Amino acid sequence: MNRVAAIGSITLTLASALTLTACGGSGGAGVAANAKQTLTVWAMGTEGEKLGDVAKEYEKTHSNIDVKVTPVGWDVAHQKLVAAAAAGKLPDVVQMGSSYLGEFADMGVLEPVDTKTFHQGDFFPAAWQQGSYDGKTYSVPWYVDTRVLYYRTDLAKKAGIKAAPTTMAELQQDAEAYQSKAHTKWGMDLKPSGLDTVQSFYPFLYSDGGGILNAQGKPVIDSPQAVKALDYYGSFFKKGLIAKSEQPGYDVTKDFNTGNVPMFLGGPWMTGLIADNYPGLKGKWAVAPLPAGDKGSVSMAGGSSLAVSADSTHKAAASKFIQYLTGAKGQADWFKRTADLPANRAAWDSGTLATDAEMKIWRKQMETARTEPSAAKLTEITSKVDAAIGAVTQGSADAKTALTQAQNQIAGLTK
Amino acid sequence: MSLTTGPAASEAAPTKTPVAGKRSASRPGRGPVGRHNLHGWLFSTPFLVLFGVFMLFPIVATLVMSFTDFGARNVTRPLDARFVGLDNYTQLFQDDTFLKSLFNTGYFVVVGVPLTIVLGLLAALLLNNGIDRARTFFRIGFYAPVVTTIVAVAVVWRFVLDPSDGLIAGLASELGFHAPDFLGSSTWAMPSLIAMGVWRNLGTVMVLFIAGLQAIPNEVREAARLDGASGWQELRRITVPLLRPTLLYATVITTIGYLNVFEEPFVMTQGGPNNATLTVSLDMYQQGFNFFHMGYASAMAYVLFVIIMAVTVLQLRLMKDNTR
């Protein structure tokens, strides 16, 4: 009965939310941007902790505005947002994870973005796309992330690898070389199964020209390109180059440090993580662009955006604050504080972002990176692909069968 | 339990006692009885409110929800959820994932419950008769897993089961065997979780049995021994039959717990690999909280509820004490 009670308690929240929204549904006019007001902001994880400092800076130049930042842990973020949306108590400004947007836009709790204030061309294409749902834009890209190849240069020498792999075929050859010649435990690391395995698979899928949903939001996961990509993804496991199982919360940098895993596809935050936790590894590793598939080197785009809640009475001030955070200056400042990759391309034209060789790799990868179109049930859709990938890596189905099944399941989840 | 004093009590009492069989007789005296009841109701209000808000309402709401298509869209518009009759239920039994989770839960219960009961009884017998020294130490040892938080347990068990440098893998390689990748293989993942579940719940069952064993009068055992019963015969003919009520209670409680199994797969495997450890509760959690299919998840909850009910009733019937 435990579960019954748990699910029921959500119902309770929802029911009470109904009465609340019934009373408080006004929206409408709101307060002008230059009036005295308090702006509530929710941000997740590290961003939530660091945004408070930025808010203080902002208050200095905008004395009429009091910015109240509430950090929310990523692990509880989704549930908290759903509960707040139900209760009509979303903050004025809310950070949106890339996969959340469709769901909340569909609920009708987000205010569409004024495209006269925020320009699509200023941002990376994939980042902008993440804020769009059903032809409208609901959030402004804040920071982005993508995946590139991390590899151990010292072990590469031992394995006779002269340069980072540039094609997908080379990637596997190198993984084999690492394992057989440099005697690393595994050839590289990719997520075998479980929730969000798809993030590890996207670079392969996109580089071969596949995708889960097409521009019209219809599933295309059983395309020959997707089958080829998954077949290739699975071959790493079949050949024993990658561990078939992984603990929940697995941290690849630990094995990267010991040399058990000499290559992996990682996001921008990993650079700082490795530098901080394993100073001894300095000079023994490097990042390289994602190896190219049939359609070039196309990685996945992730990151977060900022949205204004539809019920907010401080929309004008909220928009101003987002303008500050997503403008070139604010973005460069944010990069210095967090090392999050700026979503605004203008921020990349000066400072370290423009000159650093490693940063150039990130930028180039981000320019071509792709993302799935926002869909109300995106989390559920990708979970079907997770299951298909799991079936292939565990050897219980071939890529074609697994993806055909996923295609059928996803067809029922799209409009 | 009469909570009232004074005239109310003395008035109420005579109206009730003589006509215990006829309820309607107490109706005419509504005033005083009403007041009498009022006190009772007042005293039970804190409980009733808590029970109503946190138990009764959710249970009823879940039942209603299980007949609707309540989903993420309805979060802001709860009343837009459509009634779909038994659709959720019929869909459930065509859902391969759910059927798989049903099978997995069955697997966990069918293997786990007997193991827990037998090992729990064994531990209780040893601690009750066999081991004299350090008895408290062993009792604490067996009971510690019960009170340890699952997160800590998960850390330890992951180390034990780790395929490369775990405890079992290490021992096996010392002995020249090759240990399987316990949590990573579809075959071994479930047995590993069962082992962990048994280990975690052994303590509770053991404590119950120890209490049961100490309630068995020594005279009976003595008589049996005088009649020349061997140790095994004493166990089979005396101890186990006399432990029957405890045995029944322990079995029912363990079965209910295992049918609801959630924590072990949640922290260890997230239902993987390939849904090999996806249990009904975990499936329900994912449907409800990851995908927000509240209607569907509610239907699942009720299917599980009915199964638990049926199994419990069956157990109570089968293990009823027929000797009396």
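For residues that are at the interface with chain A (Cβ under 7 Å from one of its Cβ atoms) and open to solvent by 30 Å² or more (accessible area, probe 1.4 Å), scanning just region B:261-284, find the one that is farthest from B:L79 (Cα to Cα).
Among those residues, the one meeting the criterion is B:N274.
For A:K364, all conditions in the list (1) in contact (Cβ under 8 Å) with a residue 24 or more places away in the chain; (2) open to solvent by less than 20 Å² (accessible area, probe 1.4 Å); (3) more than 15 Å from A:Y202 (Cα to Cα); (4) touching a Pro at 6+ places or on another chain (Cβ under 8 Å) hold save one; what is the number of the exception?
Of (1) in contact (Cβ under 8 Å) with a residue 24 or more places away in the chain; (2) open to solvent by less than 20 Å² (accessible area, probe 1.4 Å); (3) more than 15 Å from A:Y202 (Cα to Cα); (4) touching a Pro at 6+ places or on another chain (Cβ under 8 Å), only one is false for A:K364: (2).
Being under 30 Å from B:V155 (Cα atoms) and assigned to a helix (DSSP H, G or I) is true for just one of B:Q315, B:Q286. Which residue is that?
Details: B:Q315 fails: under 30 Å from B:V155 (Cα atoms).
None of the other options fit; the residue is B:Q286.
Which of the following residues is of a type outside the set (S, T, Y), touching an Asp or Glu at 6+ places or on another chain (Cβ under 6 Å) and over 30 Å from A:F321 (Cβ atoms): A:P203, A:P192, A:P219?
A:P192
For region A:368-382, check the following and say yes or no: at least one residue is free of Cβ contacts under 8 Å to residues at least 24 places away in the same chain and either surrounded by fewer than 22 Cβ atoms within 10 Å (Cβ to Cβ) or among the aliphatic types (A, V, I, L, M) (or both). So that I can check it myself, show each step before the final result.
In the first step, residues of region A:368-382 are kept if they are free of Cβ contacts under 8 Å to residues at least 24 places away in the same chain; the result is none.
No.
Run B:T255 past the list (1) free of Cβ contacts under 8 Å to residues at least 24 places away in the same chain; (2) more than 10 Å from chain A (Cβ to nearest Cβ) and report the number of the one that doesn't hold.
Against the list (1) free of Cβ contacts under 8 Å to residues at least 24 places away in the same chain; (2) more than 10 Å from chain A (Cβ to nearest Cβ), B:T255 comes up short only on (1).
Looking at A:V76, A:V140, can you tell me which residue is crowded, with 19+ Cβ neighbours inside 10 Å and either on the phi < 0 side of the Ramachandran plot or not in a helix (DSSP H, G or I) (or both)?
Result: A:V140 is the single residue among A:V76, A:V140 that is crowded, with 19+ Cβ neighbours inside 10 Å and either on the phi < 0 side of the Ramachandran plot or not in a helix (DSSP H, G or I) (or both).
Somewhere in region B:246-263, is a residue part of a helix (DSSP H, G or I) and more than 20 Å from B:V113 (Cβ to Cβ)? If you could, list the steps in order and put the result at the bottom.
Our first condition is that a residue be part of a helix (DSSP H, G or I); within region B:246-263, this holds for B:246-259, B:263.
With more than 20 Å from B:V113 (Cβ to Cβ) added as a condition, the list becomes none.
Checked against the condition, which is being part of a helix (DSSP H, G or I) and more than 20 Å from B:V113 (Cβ to Cβ), region B:246-263 yields no hits at all.
Quick one: in region A:355-371, which of the residues that are of a type in the set (A, V, I, L, M) and in contact with a helix residue (DSSP H, G or I) (Cβ under 6 Å, 6 or more places away or on another chain) is farthest from A:G121 (Cα to Cα)?
A:M359
Can you find, within region B:183-192, the residue that is farthest from the other protein chains (Cβ to nearest Cβ) among those that are within 25 Å of the chain's Cα centre (by Cα) and open to solvent by less than 20 Å² (accessible area, probe 1.4 Å)? Break it down into steps so the answer makes sense when it comes.
Within region B:183-192, the subset within 25 Å of the chain's Cα centre (by Cα) is B:183, B:188-192.
Retained after the next criterion (residues that are open to solvent by less than 20 Å² (accessible area, probe 1.4 Å)): B:189-190, B:192.
Values: B:A189: 9, B:M190: 14, B:S192: 11 Å.
Looking at residues that are within 25 Å of the chain's Cα centre (by Cα) and open to solvent by less than 20 Å² (accessible area, probe 1.4 Å), I get B:M190.
Just for region A:368-383: of the residues that are of a type outside the set (S, T, N, Q) and out of contact with any strand residue (DSSP E or B) (no Cβ under 9 Å at 6 or more places or on another chain), which one is farthest from the other protein chains (Cβ to nearest Cβ)?
Applying the filter and picking the extreme gives A:K377.
Where residues in region A:392-415 are free of Cβ contacts under 8 Å to residues at least 24 places away in the same chain and under 21 Å from A:F236 (Cα atoms), which of them is surrounded by the most Cβ atoms within 10 Å (Cβ to Cβ)? Before the answer, list the steps.
The first filter runs over region A:392-415 and keeps only residues free of Cβ contacts under 8 Å to residues at least 24 places away in the same chain, leaving A:396-397, A:401, A:405, A:408, A:412.
Of the ones still in play, those that are also under 21 Å from A:F236 (Cα atoms) are A:396-397, A:401.
Working: A:S396: 15, A:A397: 18, A:T401: 15.
In this case the residue turns out to be A:A397.
Can you name the condition, by its number, that B:N290 falls short on among (1) more than 7 Å from chain A (Cβ to nearest Cβ); (2) surrounded by fewer than 17 Cβ atoms within 10 Å (Cβ to Cβ); (3) polar (S, T, N, Q)?
(1)
Condition (residue is modelled with pLDDT under 55 and open to solvent by 40 Å² or more (accessible area, probe 1.4 Å)) applied to region A:56-71: is it met by at least one residue?
Checked against the condition, which is being modelled with pLDDT under 55 and open to solvent by 40 Å² or more (accessible area, probe 1.4 Å), region A:56-71 yields no hits at all.
Of all residues in region B:60-118, which are open to solvent by less than 30 Å² (accessible area, probe 1.4 Å), among the hydrophobic types (A, V, I, L, M, F, W, C), touching a residue at least 12 places away in the same chain (Cβ under 8 Å) and assigned to a helix (DSSP H, G or I)?
B:M65, B:A72, B:V75, B:L92, B:F98, B:F108, B:V109, B:V113, B:I117
Is at least one residue of region B:173-181 within 11 Å of chain A (Cβ to nearest Cβ), of a type in the set (S, T, N, Q) and either touching an Asp or Glu at 6+ places or on another chain (Cβ under 8 Å) or under 30 Å from A:S396 (Cα atoms) (or both)?
The answer is no; no qualifying residue exists.
Is it the case that B:A215 is in the same structural domain as B:M268 (by TED's automatic domain parsing), open to solvent by less than 60 Å² (accessible area, probe 1.4 Å) and of a type outside the set (S, T, Y)?
no
Which of the residues belonging to region A:213-239 are touching a Lys or Arg at 6+ places or on another chain (Cβ under 9 Å) and hydrophobic (A, V, I, L, M, F, W, C)?
A:I221, A:V227, A:L230, A:F237
For region B:161-172, name all the residues that are surrounded by fewer than 17 Cβ atoms within 10 Å (Cβ to Cβ) and at pLDDT 85 or above.
B:L167, B:G170, B:L171, B:A172
Has region A:96-110 got at least one residue that is part of a loop (DSSP other than H, G, I, E, B), buried (at least 24 other Cβ atoms within 10 Å of the Cβ) and of a type in the set (S, T, N, Q)?
The answer is yes, given that some residue of region A:96-110 is part of a loop (DSSP other than H, G, I, E, B), buried (at least 24 other Cβ atoms within 10 Å of the Cβ) and of a type in the set (S, T, N, Q).
Taking A:W285 and the conditions (1) touching a residue at least 12 places away in the same chain (Cβ under 8 Å); (2) under 18 Å from A:R370 (Cβ atoms), which numbered condition does it fall short on, given that it satisfies the others?
(2)
Picking from A:K68, A:K136, A:K80, which residue would you name as being farther than 30 Å from A:A175 by Cβ and either within 14 Å of another protein chain (Cβ to nearest Cβ) or in contact with a Gly (Cβ under 8 Å, 6 or more places away or on another chain) (or both)?
On the way: A:K68 fails: either within 14 Å of another protein chain (Cβ to nearest Cβ) or in contact with a Gly (Cβ under 8 Å, 6 or more places away or on another chain) (or both); A:K136 fails: either within 14 Å of another protein chain (Cβ to nearest Cβ) or in contact with a Gly (Cβ under 8 Å, 6 or more places away or on another chain) (or both).
The match here is A:K80.
So that you can scan it fast, the table gives a plain yes or no per residue for (1) open to solvent by less than 60 Å² (accessible area, probe 1.4 Å); (2) in a helix (DSSP H, G or I):
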residue	(1), (2)
B:V151	no, yes
B:V156	no, yes
B:D181	yes, no
B:I194	yes, yes
B:V198	yes, yes
B:E222	no, yes
B:A229	yes, no
B:L235	yes, yes
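Give the residues of region A:178-219 that are among the aliphatic types (A, V, I, L, M), in a loop (DSSP other than H, G, I, E, B) and buried (at least 22 other Cβ atoms within 10 Å of the Cβ), sorted by residue number.
Matches in region A:178-219: A:M188, A:L190, A:I212.
The values are calculated or read from the model by the stated rules, or taken from the named source; none is laboratory data. Nothing here was measured: the structure is a model prediction, and the numbers come from that model. All Cβ positions, even for glycine, are placed from backbone atoms using ideal geometry, and neighbour counts span all protein chains on display. The area values use the complete protein model at the heavy-atom level, side chains included, leaving out ligands, DNA and RNA. Shrake-Rupley method; radii C 1.70, N 1.55, O 1.52, S 1.80 Å.
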